[in-house]
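Right, one structure below, let's go through it.
The values are calculated or read from the model by the stated rules, or taken from the named source; none is laboratory data. Bear in mind that the values here come from a model prediction, so they are computed numbers and not experimental data. Because the Cβ atoms are built from the backbone with ideal geometry, glycine has one as well, and the counts that use them run over all protein chains shown. Ligands, DNA and RNA are excluded from the accessible area calculation, which covers all protein heavy atoms including side chains. Shrake-Rupley method; radii C 1.70, N 1.55, O 1.52, S 1.80 Å.
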Amino acid sequence: ALQQAISQLLQSVLTVIGIVIMMFIVSWQLALIALIALPLSAIAAGVIGSRAQGLFTRQWKTTGALNGQIEESFSGHELVKVFGREQDMVTRFTERNDELFDASFGAQFVSGTIFPVMNFVSYLAYVGIAVVGGLRVASGQLSLGDATAFIQYSREFTQPLGQIAGMANMLQSGVASAERTFELLDADEQKPEQATVVLPERTDGRVEFKNVYFSYTQDKPLIEDLSFEAHPGHTVAIVGPTGAGKTTLVNLVMRFYELNSGSIELDGVDITELSRADLRSKVGMVLQDAWLFGGSIMENIRYGRLDASDEEVIAAAKATFVDRFVRALPDGYNTLIDEEGTNVSAGEKQLITIARAFVANPSLLILDEATSSVDTRTELLVQNAMAALRQDRTSFVIAHRLSTIRDADTILVMEEGQIVEQGNHATLLEADGAYARLYNSQFAGAIVEEEALADSIAKVAGPQGDSPRV
Ligand SMILES: Nc1ncnc2c1ncn2[C@@H]1O[C@H](COP(=O)(O)OP(=O)(O)OP(=O)(O)O)[C@@H](O)[C@H]1O
Ligand SMILES: [Mg+2]
């Protein structure tokens, strides 16, 4: 609208001013008649424009809703089929589409009436000028030449006016779209960076939570007065029921959210004093929902550190057992993963994201349910590999399986945003509190199986390691 309208607007306005001056020079009486058309046109354009504005807003809103629904049904088409909701989706689409049709039809119709209405007003003025001008020529007060010239001017006069109305129309549609953009722009900004401290290349990885309070929404407190310290090189396991706030805790370390009060320190430096990029470059994170982008497996692993050589990528892939299944693929590391990552299994996806964290070689490692979709055997093998990775760096591990948790230096037991217990496996069992209850109910059976499995793997390394019992 700005590109096209501004230059045209300037031209139209200058033309109108020039013509008005000429009309007054020729005959001020006729000029007055011509000018009466102006406020009339303005009123008509104003009334129609304000109605069109509302309809345009509705048109863009429903366009957005319709597009959203189309995207949703495409990305979730498996679920739609599983639950037999095809007809339901079609009905909802039709409803939205009808709504869009109504809004667009209304908007086009109403805004389309601007031109004819303005033309009508200008023709009225034209008739007035012709009649009055004719009478004045007949009575000899005006020459025929002047009258003809004036009629020409009045014709020229309405054309730029029509153009201005057309531009107003275009702007209205633009403003309606802009309203939706402004909703996004008006969202709260994230706090500006302070970046008063720059961390050295290699950090110790000491993380300390000091009286941290945090909630996603004001009326629902989540983390309250949470304090703990993770020593350099230690593995901190976080356990607790679903919704306890485990993911939230590690998100706070990454500074995805701002604390309500309290502080988190990395090597004794408040993380709000670091730039977000600096902080995050020190942390490698494997998220609960594994994310791969469209590209080769090699590229997906290298995403952890872009200057990693092919050898480094393959070494990481070997350590995380990605190599094993990649070899079976015809294109190997050049196998393309599609955008939704549907051509690798959920477990393979997780292994690739772990390899990515391996390549990044960060000071601080966060694994959020990183191996939840991998079979128990592969998980144990990955655990062993990760033990090496975890050795000289602090790591936070969220897992439901005991084998990971048992060997951790510190176990934090979370319930409803609180740390209800902390200590290592032995002391927590002895304390006979929440951890012991969790252990007895959830893990007691599993541990026997896991231990048997671990034994069999230890005894016979390699793919034939499973004993028939397991
Ligand atoms: N972005 C968000 N906005 C509002 N509430 C949220 C948000 N993310 C999580 N929550 C809420 O915060 C609570 C803790 O969520 P969190 O993801 O930390 O749980 P969790 O311990 O990681 O659970 P799980 O074991 O299922 O992964 C939950 O009650 C959840 O509904
Ligand atoms: Mg979680």
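Structural remarks
- Number of the condition not met by PRO116 [criteria: (1) farther than 21 Å from LEU32 by Cα; (2) open to solvent by less than 70 Å² (accessible area, probe 1.4 Å)]: (2)
- The residue of the stretch 228-272 that is least open to solvent (accessible area, probe 1.4 Å), among those that are part of a helix (DSSP H, G or I) and more than 16 Å from ligand 2 (Cβ to nearest atom), is ILE271.
- Residues that are open to solvent by 80 Å² or more (accessible area, probe 1.4 Å) and touching a helix residue (DSSP H, G or I) at 6+ places or on another chain (Cβ under 7 Å) within the stretch 180-225 comprise ARG180, GLU193, GLN194, THR196, VAL198, listed in sequence order.
- For GLY54: the one exception among (1) without any contact (Cβ under 8 Å) to a residue 60 or more places away in the chain; (2) surrounded by 15 or more Cβ atoms within 10 Å (Cβ to Cβ); (3) over 18 Å from SER177 (Cα atoms): (3)
- Taking helices (runs of 4 or more DSSP H) as the structural unit, those lying wholly within the stretch 333-446 and holding at least 1 residues that are within 16 Å of ligand 1 (Cβ to nearest atom) correspond to 346-360, 402-406, 434-438.
- When ILE164 is tested against (1) more than 30 Å from GLU416 (Cα to Cα); (2) within 16 Å of ligand 2 (Cβ to nearest atom), exactly one condition is not met: (2).
- Of ALA277, ALA290, ALA237, all but one fail to be aliphatic (A, V, I, L, M) and closer than 22 Å to ASP409 by Cα; the exception is ALA237.
- Listed by first and then second residue, the pairs linking a residue in the stretch 5-33 that is within 25 Å of LEU171 (Cα to Cα) to a residue that is in a helix (DSSP H, G or I) and β-branched (Val, Ile, Thr), with Cβ atoms under 6 Å apart and 6 or more places separating them unless they lie on different chains, are SER12/ILE164.
- Filter result for ALA31 (aliphatic (A, V, I, L, M) and either crowded, with 18+ Cβ neighbours inside 10 Å or not assigned by TED's automatic domain parsing to the domain that holds ALA149 (or both)): yes
- Qualifying positions in the stretch 295-326 - outside any helix (DSSP H, G or I) and polar (S, T, N, Q): SER296, SER309, THR320
- Residue within the stretch 304-313 that is under 22 Å from ASP392 (Cα atoms), among the small types (Gly, Ala, Ser) and within 16 Å of ligand 1 (Cβ to nearest atom) present: no
- Flag set for GLY433, criterion: in the same structural domain as GLU379 (by TED's automatic domain parsing), free of Cβ contacts under 8 Å to residues at least 40 places away in the same chain and either at negative phi or of a type in the set (Asp, Glu) (or both).
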